[in-house]
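Engineer: Provided herewith is a single structure, encoded as structure tokens, for subsequent inquiry.
Taken together, the values in this text are just the output of simple stated rules run on the coordinates, not laboratory data. Treat the numbers as computed from the prediction; the structure is a model and nothing was measured. Using ideal geometry, Cβ is built from the backbone for each residue, glycine included, and neighbour counts are taken over all protein chains shown.
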Amino acid sequence: MEVFLSFMLIKHIHITCAVLSYTLFFLRGIWSFNGSPIMRQRWIRVVPHVVDTLLLVSALTLAFTIRQYPFVDAWLTAKVFGLLLYIGLGFVALKYGKSKTIRISAWLAAQAVFGYIVLVAVNHNPLPFIH
Ligand code: HEM
């Protein structure tokens, strides 16, 4: 019972961090493309890192609790690779993209990858489109 309650709590933290991570990424894209001064505020450099760290720590805690692991269970392997792709595309979108077209394309692609990760999570299946 106690293990179940803490699992549910950590799962809530994990999902809340996922929603916050997406929202912050979406907004940072818009602010960065508009040249908004918000992007120069300190919190915008700190908060997304805190959220993403919590997302990852809660992910690993959940995986250990249910004894399913990346590189053992395909759906968790897919989530890890999805997360790496989401982070990489995020760097291109917000930092390294050379033109606005490249940055906006990477921003949109990162959101598609994020959607894929959520589908994998809900279905426990690395190929959630195929049933
Ligand atoms: C952007 C990254 C991520 C997003 C958006 C995300 C999203 C989610 C969502 C929405 C759920 C709830 C699924 C449900 O029960 O309906 C979930 C559960 C879970 N996630 Fe993630 N996740 C991410 C990264 C990861 C990573 C990298 C791991 C790998 C260790 C992971 C491991 C888990 C585990 C073990 C659960 C619990 C599944 C269960 O209820 O049995 N997540 N995730």
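Engineer: Based on other C-beta atoms within 10 Å, arrange Ser99, Ser36 from fewest to most.
Structural biologist: In increasing order of surrounding Cβ atoms, one gets Ser99, Ser36.
Engineer: Here is a follow-up. Hey, fewest Cβ within 10 Å first, where do Leu62, Leu76, Leu5 land in order?
Structural biologist: Leu5, Leu62, Leu76
Engineer: Only Lys, Arg, Asp and Glu count, each charged at its Cβ (+1, +1, -1, -1), so figure out the dipole size of the chain about its Cα centre, rounded to 20 debye.
Structural biologist: Values: 11 positive and 3 negative charges, 134 e Å.
Roughly 640 debye, rounded to the nearest 20.
Engineer: Could you tell me which trypsin sites (Lys or Arg not before Pro) in segment 1-64 are loop residues by DSSP with no more than 14 other beta carbons within 10 angstrom of their beta carbon?
Structural biologist: For trypsin sites (Lys or Arg not before Pro) across segment 1-64 that sit outside H, G, I, E and B with at most 14 neighbouring Cβ atoms in 10 Å, the list reads Arg42.
Engineer: Give the order of Met39, Met8 when sorted by the count of other beta carbons within 10 angstrom, beginning with the fewest. Spell out each step's value before the answer.
Structural biologist: Values: Met39 15, Met8 10.
Going from sparsest to densest Cβ surroundings: Met8, Met39.
Engineer: Between Met8 and Tyr96, what is the label-to-label distance in nm when each label sits 7 Å out along the Cα-to-Cβ direction?
Structural biologist: 4.3
Engineer: Then there is this: If I build a Gaussian network model for the chain, linking alpha-carbon pairs within less than 10 angstrom, which residue out of Leu89, Leu27, Leu60 has the largest mean-square fluctuation?
Structural biologist: Fluctuation is largest for Leu27.
Engineer: With θ set to phi - 60° and the Karplus curve 6.51 cos²θ - 1.76 cosθ + 1.60, what are the ³J(HN,Hα) couplings of segment 4-20 in order, to the nearest whole Hz, using x for Gly and Pro?
Structural biologist: Running phi through 6.51 cos²θ - 1.76 cosθ + 1.60 with θ = phi - 60° gives 5, 4, 5, 4, 5, 5, 5, 5, 4, 4, 4, 5, 4, 5, 5, 5, 5 Hz.
Engineer: Would you kindly state how much longer the chain becomes between Trp75 and Arg45 on full extension, computed as 0.36 nm times their sequence separation minus their alpha carbon distance, in nm to one decimal?
Structural biologist: Length gained between Trp75 and Arg45: 7.7 nm.
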